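Sharing a structure below in structure tokens format, with a few things to ask.
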Amino acid sequence: MQCHQHSHSEQIELGLEAFNIRQDWSSYSAEDHGVWQTLYDRRMQHLEKHAAGAFLEGTKVIGLQRDRIPNLDEMNARLEPKTGWRAVPVKGFLEPKLFFESLARRRFPTTVTIRPATSLDYIPEPDIFHDVFGHVPLHAHPVFADFLQRFGQAAADAGDEHTEAFTRLFWFTVEFGLFRERTEMKVYGSGLISSHGDCLNALSDKCVKRRFTLRDVIAQPFAIDDLQPVLFAVESFGELFAAVEELARATRAPERRASRHSVQAAEPDWSTVRCKCGCSQTGGCANLV
Ligand SMILES: [Fe+2]
């Protein structure tokens with residue numbers, strides 16, 4: 001039910017504000033920074049060979065450093081001028097619709113705590129290593145950045161009966177997506193970027209790697225706590241944008257069709273977006289201009 005004093009978008013802003021916190025960067029201990037460095041070093045050694053170029057490039061754009069937990073204000077000062085995205089510190093989980101609305105506004109809800117040194121390999125909930133190291137570098141990629149914003153908007157505007165389809169699309173792309181770069185299989189999903197065990201499994205013969213299609217992804221169930229037996233590979237991030245547009249058209253709730261005024265960038269014409277490296281890809285190369 002809509003409050004008479006606030007518009008729908010004002011109500012959403014109030015809902016999002018209730019989760020906002022400050023990142024008190026000075027409160028991290030030397031041990032906290034040490035946990036970050038241990039995780040960073042372990043993963044980067046592997047990712048330099050196995051991560052999609054867009055991820056590796058993104059870590060440089062946002063200024064990730066190996067020996068300190070990122071200061072989100074400093075990171076956002078580098079990221080926001082590139083793609084409009086910011087990592088916003090939050091307390092706790094946002095319920096799905098509020099999470100989607102935050103993505104629609106190019107604000108990525110980010111945990112600011114870090115796992116204890118005694119639990120480096122398994123954490124039941126995301127921490128800043130997963131949320132920032134795993135997710136944020138791709139927000140510097142212009143096509144992925146537009147896809148994620150469009151995902152949030154489409155998921156927020158969809159009827160509740162379609163939440164499962166959006167959850168599966170998110171899982172098999174943002175969290176566990178694979179990227180075929182020419183003949184090599186690379187990882188870009190945050191769950192694979194931030195977890196060594198999940199990444200090794202994904203690249204091994206134990207995981208079936210299928211070509212990404214929207215239809216196959218939304219038909220594929222998944223289990224959160226298991227190693228993934230099936231994952232999907234794209235060859236360009238333009239495929240993700242096209243998929244979310246298709247899902248948006250199929251799922252938009254009637255009452256939202258006329259109500260949303262634009263907070264998204266205009267949809268680019270992917271056929272005209274070219275890489276600066278001279279390869280023939282459109283929409284997905286890390287060198288995209
Ligand atoms: Fe995640």
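What residue, of I114, I128, is β-branched (V, I, T), under 14 Å from the mean Cα position of the chain (by Cα), buried (at least 21 other Cβ atoms within 10 Å of the Cβ) and at negative phi? Talk me through it step by step, then tell me what you get.
Numbers: I114 fails: under 14 Å from the mean Cα position of the chain (by Cα).
From the options I114, I128, the qualifying one is I128.
Of the residues L64, L120, L94, L56, which single one is among the aliphatic types (A, V, I, L, M), over 22 Å from H46 (Cα atoms) and touching a residue at least 24 places away in the same chain (Cβ under 8 Å)? Spell out the reasoning first.
Values: L64 fails: over 22 Å from H46 (Cα atoms); L120 fails: over 22 Å from H46 (Cα atoms); L56 fails: over 22 Å from H46 (Cα atoms).
Answer to the selection: L94.
Residues are listed down the side, and each one gets a yes or a no for (1) part of a loop (DSSP other than H, G, I, E, B); (2) closer than 23 Å to S9 by Cα:
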residue: L98; (1), (2): no, yes
residue: E101; (1), (2): no, yes
residue: R115; (1), (2): yes, no
residue: E125; (1), (2): yes, no
residue: A154; (1), (2): no, yes
residue: A165; (1), (2): no, no
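Right, something else. More than 22 Å from the chain's Cα centre (by Cα) and not aliphatic (A, V, I, L, M) - does that describe any residue in segment 53-72?
First, the residues of segment 53-72 that are more than 22 Å from the chain's Cα centre (by Cα): 67.
Now drop any that are not not aliphatic (A, V, I, L, M), which leaves 67.
Yes, segment 53-72 has at least one match.
Just the residues that are within 13 Å of V136 (Cβ to Cβ) and either of a type in the set (V, I, T) or assigned to a loop (DSSP other than H, G, I, E, B) (or both), please, taken from segment 46-74.
Of everything in segment 46-74, those that are within 13 Å of V136 (Cβ to Cβ) and either of a type in the set (V, I, T) or assigned to a loop (DSSP other than H, G, I, E, B) (or both) turn out to be T59, V61, I62, G63, L64, I69, P70, N71.
Next up: Here are some residues: E125, E80. Which one is free of Cβ contacts under 8 Å to residues at least 40 places away in the same chain, within 16 Å of the ligand (Cβ to nearest atom) and out of contact with any helix residue (DSSP H, G or I) (no Cβ under 9 Å at 6 or more places or on another chain)?
Numbers: E80 fails: within 16 Å of the ligand (Cβ to nearest atom).
Of the residues listed, the single one that is free of Cβ contacts under 8 Å to residues at least 40 places away in the same chain, within 16 Å of the ligand (Cβ to nearest atom) and out of contact with any helix residue (DSSP H, G or I) (no Cβ under 9 Å at 6 or more places or on another chain) is E125.
Moving on. Evaluate segment 267-275: report whether one residue or more is at negative phi, over 17 Å from the mean Cα position of the chain (by Cα), modelled with pLDDT under 65 and among the polar types (S, T, N, Q).
Step one: list which residues in segment 267-275 are at negative phi, which gives 267-275.
Still in the list and also over 17 Å from the mean Cα position of the chain (by Cα): 267-275.
Still in the running and modelled with pLDDT under 65: 267-275.
In the following step, the residues that additionally are among the polar types (S, T, N, Q) were identified as 271-272.
Among the residues of segment 267-275, at least one is at negative phi, over 17 Å from the mean Cα position of the chain (by Cα), modelled with pLDDT under 65 and among the polar types (S, T, N, Q), which makes the answer yes.
Only residues that are of a type in the set (A, V, I, L, M, F, W, C) and either near the ligand (Cβ under 9 Å from one of its atoms) or assigned to a loop (DSSP other than H, G, I, E, B) (or both): list them for segment 172-196, please.
The first filter runs over segment 172-196 and keeps only residues of a type in the set (A, V, I, L, M, F, W, C), leaving 172, 174, 176, 178-179, 185, 187, 192-193.
V174, F176, listed by residue number.
Checking the conditions here, which among A233, A223, A202 is part of a strand (DSSP E or B), among the hydrophobic types (A, V, I, L, M, F, W, C), over 24 Å from R86 (Cα atoms) and away from the ligand (no atom under 14 Å from the Cβ)? Explain how you work it out, then say what you get.
Values: A223 fails: part of a strand (DSSP E or B); A202 fails: part of a strand (DSSP E or B).
Unique residue meeting the criteria: A233.
Continuing with the same structure: Identify all residues within segment 157-168 that are within 16 Å of the ligand (Cβ to nearest atom) and buried (at least 21 other Cβ atoms within 10 Å of the Cβ); write none if there are none.
Initially, segment 157-168 is screened for residues within 16 Å of the ligand (Cβ to nearest atom), giving 166-168.
The answer is F166, and nothing else.
Which residue, of T173, T167, T163, is under 16 Å from the mean Cα position of the chain (by Cα), touching a residue at least 40 places away in the same chain (Cβ under 8 Å) and over 20 Å from F55 (Cα atoms)? Explain how you work it out, then say what you get.
Working: T173 fails: over 20 Å from F55 (Cα atoms); T163 fails: under 16 Å from the mean Cα position of the chain (by Cα).
That would be T167, the only listed residue that is under 16 Å from the mean Cα position of the chain (by Cα), touching a residue at least 40 places away in the same chain (Cβ under 8 Å) and over 20 Å from F55 (Cα atoms).
Among the numbered criteria (1) more than 15 Å from the ligand (Cβ to nearest atom); (2) farther than 17 Å from D32 by Cα; (3) at pLDDT below 95, which single criterion is violated by S119?
With respect to (1) more than 15 Å from the ligand (Cβ to nearest atom); (2) farther than 17 Å from D32 by Cα; (3) at pLDDT below 95, S119 is out only on (2).
Could you check segment 206-234 and list, in sequence order, the residues that are of a type in the set (D, E) and touching a residue at least 12 places away in the same chain (Cβ under 8 Å)?
Taking segment 206-234 as the starting set, the residues that turn out to be of a type in the set (D, E) are 216, 225-226.
If the condition is that a residue be of a type in the set (D, E) and touching a residue at least 12 places away in the same chain (Cβ under 8 Å), then D216 is the only one that fits.
The values are calculated or read from the model by the stated rules, or taken from the named source; none is laboratory data. Every value quoted in this text rests on a predicted model; they were computed, and no experiment measured them. Note that each Cβ is placed from the backbone with ideal geometry, even for glycine, and that neighbours are counted across all protein chains shown.
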